[in-house]
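Everything on this sheet refers to the single structure shown next.
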Amino acid sequence: MSMMLAQRLAELGIDPQTLAARGLRLHAEPAALVEADRGADGRVFELIAPAAVAWQQLRDAAAADGISLFLVSAFRSIARQHEIVAAKLARGQRLEEILRVSAAPGYSEHHTGRAIDIGTPGSPLLEQEFETTAAYAWLTAHAGRFGFTLSYPAGNADGYLYEPWHWCWQTPDPRTPKEQQV
């Protein structure tokens, strides 16, 4: 762990040993990102290049099946994650509760440029009700073909609350036949 990250965690009152006890891993930021998508408001969402291509293919395949998907979040820097946790602390939230729904700086899959939070029209953003949507049913059936897996199912070992909207692209196993990869 870098001295800067250790300092950020200390500023927030987060003990790295507590994170290690949960089995959480550090996630480094990628060397390069590309634009994966743009929100309706013009916000640019960035991912590593292969994850961006996989997201675009997944989004387009869903659209072909009548399912509308959009990005709510993609790459997030360690500095931005620090701001998010600090803001929640400033609003009086308890650290233990924050760390059930937000990763500590350095520990978020979003730092990798492979994780995305997905929304669909008519569903509240970043809420468990997402699991009741046709979009979630479609993702459950098809996201794996594009390399995306649900990171935090109910009862996940990482200790995060269930996040049906949070999916992470995994580097395809080179042993997987090319026709099964997107």
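Read-outs: derived from the displayed coordinates by stated rules, not from any lab. Only a predicted model underlies this, so the values are computations on that prediction, with no experimental measurement involved. Positions of Cβ are generated from backbone atoms using ideal geometry, with glycine treated the same way; all protein chains shown enter the neighbour counts.
Can you pull the Rg over Rh of the stretch 99-150, Cα-only, Kirkwood? Intermediate results must be reported in sequence, preceding the final value.
On the way: Rg = 12.5 Å, Rh = 12.5 Å.
Ratio value, two decimals: 0.99.
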Give me the distance between the Cα centres of the stretch 4-37 and the stretch 96-153, rounded to whole Å.
18 Å
Potential lengthening between ARG100 and ASP65 on full extension [0.36 nm per residue; Cα-Cα distance subtracted]
9.2 nm
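Please identify the DSSP H helices in the chain that span no less than 15 Å along the helix axis (Cα) and have a mean Kyte-Doolittle hydropathy of 0.0 or more. Show your work: numbers first, answer last.
Working: long enough: 49-64 (23 Å, 0.31); 78-90 (18 Å, 0.43).
Passing helices, by number: 49-64, 78-90.
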For the stretch 6-53, report the convex hull volume of the alpha-carbon atoms normalised per residue, in Å³, without decimals.
140 Å³
Got a sec to turn the phi values of the stretch 14-20 into Karplus ³J(HN,Hα) couplings, 6.51 cos²θ - 1.76 cosθ + 1.60 with θ = phi - 60°, whole Hz, x for Gly and Pro?
9, 8, x, 5, 5, 5, 5
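Looking at the stretch 43-95, which trypsin sites (Lys or Arg not before Pro) are in a loop (DSSP not H, G, I, E or B) and have at most 13 other Cβ atoms within 10 Å?
Filter output for the stretch 43-95: ARG43, ARG91, ARG94.
Restricting to Cα pairs below 8 Å that are 6+ residues apart, what does the relative contact order work out to for the chain? Please round to a whole percent. Could the numbers behind the result be given before it?
Working: 275 pairs, mean separation 40.0, N = 182.
With pairs under 8 Å counted, the relative contact order is 22 percent.
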Fraction of the pair-distance distribution of the chain above 29 Å, Cα-Cα pairs, percent:
22 percent
Let me test this: with uniform point scatterers at the alpha carbons of the stretch 38-113, what is the Debye-based log₁₀ I(q)/I(0) at q = 0.16, 0.18, 0.25, 0.28 1/Å?
-0.72, -0.83, -1.11, -1.23
Cα-centred dipole magnitude for the chain, charges only on beta-carbon of K, R (+1) and D, E (-1), debye, nearest 20
300 debye
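How much FRET efficiency would the formula 1/(1 + (r/R0)^6) give for ALA40 and ALA154, where r is the Cβ-Cβ distance and R0 is 25 Å, rounded to 0.05? Can you show the working numbers first?
Working: r = 30 Å, r/R0 = 1.21.
Between ALA40 and ALA154 the formula returns 0.25.
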Nearest-0.05 FRET efficiency for LEU125 and LEU26 at R0 = 30 Å, using Cβ-Cβ distance, is 0.65
Mean shadow area of the stretch 68-108 over all directions, Cα convex hull, nm²
3.5 nm²
